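Novice: Structure incoming, see below.
The values are calculated or read from the model by the stated rules, or taken from the named source; none is laboratory data. None of the values given here were measured: they were computed from a predicted structure. Note that we place each Cβ from the backbone using ideal geometry, even for glycine, and neighbour counts take in every protein chain shown.
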Amino acid sequence: MLELRKITGAYGPVKAVDEVSLSVAAGEILGLMGRNGAGKTTLLKTIMGLVPKRTGSLLLEGEELIGLPAHAIPRRGIAYVPQGRRLFSELTVAENLRMGLLVKDAPQAEAERVLDLFPILRERLSQAAGTLSGGEQQMVAVARALCAQPKVLLLDEPSEGLIPAVTHRILDTVAALRERGVAILLVEQQVKSALRICDRIALIENGTIQHEAPARDLAADPVPLERYIGVH
Ligand code: ATP
């Protein structure tokens, strides 16, 4: 579904992502893990066209996206849930979801389909997003992204700052998106969570992919996790 070939993303002279090649299939969850500053966020931003300089090839269903302006990427079918959620906190949950629908002029029925994944949000539709709990805000961020009917979903640390039970629920919902055929690239710092829901995991250090393996292989032999993350 999404294929990165030698993707480089740079802030001026600094190459924070250096010749990364990866692919994510429809219905697959690829985990991206690495230490702080390894380049995880920059890789997602590079895919979205949000870094000043990017080179390489980025294919969505075989179509080249490098060269397109950043605003064109979501419409092509890649949704991005940034670290820290970035909701419109003064707007209601319903209005935040409408922003997602607008990306593709998707019908209201799409929001209903998305709300089936996060039923608790139905009770919060008229509440300002900024007044929700952290977990609910993360659900809104994911739901808003899904309203744009993405083929590919990029998630940057959705579990950040959440208690384990809430993380569990959100990641289970993300895992359920496999059935809808969404290709998912997930930055996740918690090894246990990543091993539980990812199909494959790529380990990044200094902007380059150092190791890539099925999650079950890393669970059986955590040496690469220890090496590139420092814990297991
Ligand atoms: P974290 O887990 O802390 O979020 P990360 O793996 O997501 O880390 P990035 O935020 O992608 O790492 O950072 C990768 C490198 O790029 C770091 O060396 C960082 O200092 C640098 N960097 C990030 N954003 C910018 C920026 N806007 N301008 C210049 N350098 C940046």
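Novice: Does the stretch 6-28 hold any residues that are surrounded by fewer than 22 Cβ atoms within 10 Å (Cβ to Cβ), under 14 Å from residue 207 (Cα atoms) and over 15 Å from the mean Cα position of the chain (by Cα), and which are they?
Specialist: Of everything in the stretch 6-28, those that are surrounded by fewer than 22 Cβ atoms within 10 Å (Cβ to Cβ), under 14 Å from residue 207 (Cα atoms) and over 15 Å from the mean Cα position of the chain (by Cα) turn out to be 6, 7, 8, 10, 11, 13, 14, 15, 16, 18, 19, 21.
Novice: Looking only at the stretch 28-43, how many residues end up being touching a residue at least 12 places away in the same chain (Cβ under 8 Å) and within 8 Å of the ligand (Cβ to nearest atom)?
Specialist: 8
Novice: Considering (1) surrounded by fewer than 15 Cβ atoms within 10 Å (Cβ to Cβ); (2) touching a Cys at 6+ places or on another chain (Cβ under 6 Å); (3) of a type in the set (Gly, Ala, Ser), say which one residue 31 fails and leave the rest.
Specialist: (1)
Novice: Given the residues 141, 145, which is the only one that is more than 26 Å from residue 8 (Cα to Cα) and either within 16 Å of the ligand (Cβ to nearest atom) or within 12 Å of the chain's Cα centre (by Cα) (or both)?
Specialist: 141
Novice: Condition check: assigned to a strand (DSSP E or B), modelled with pLDDT under 95 and surrounded by 15 or more Cβ atoms within 10 Å (Cβ to Cβ). Does residue 54 satisfy that?
Specialist: So residue 54 passes the test.
Novice: Which one is surrounded by the most Cβ atoms within 10 Å (Cβ to Cβ), of the residues in the stretch 104-131 that are of a type in the set (Gly, Ala, Ser) and in a helix (DSSP H, G or I)?
Specialist: Residue satisfying both the conditions and the ranking: 129.
Novice: Okay, next question. With (1) over 16 Å from residue 78 (Cα atoms); (2) over 19 Å from the mean Cα position of the chain (by Cα) as the list, and residue 106 as the residue in question, which single condition is left unmet?
Specialist: (1)
Novice: Is it the case that residue 50 is without any contact (Cβ under 8 Å) to a residue 40 or more places away in the chain, within 15 Å of the ligand (Cβ to nearest atom) and in contact with a strand residue (DSSP E or B) (Cβ under 9 Å, 6 or more places away or on another chain)?
Specialist: When the stated conditions are applied, residue 50 passes them.
Novice: Can you name every residue in the stretch 204-232 that is in contact (Cβ under 8 Å) with a residue 40 or more places away in the chain and closer than 19 Å to residue 25 by Cβ?
Specialist: 209, 212, 215
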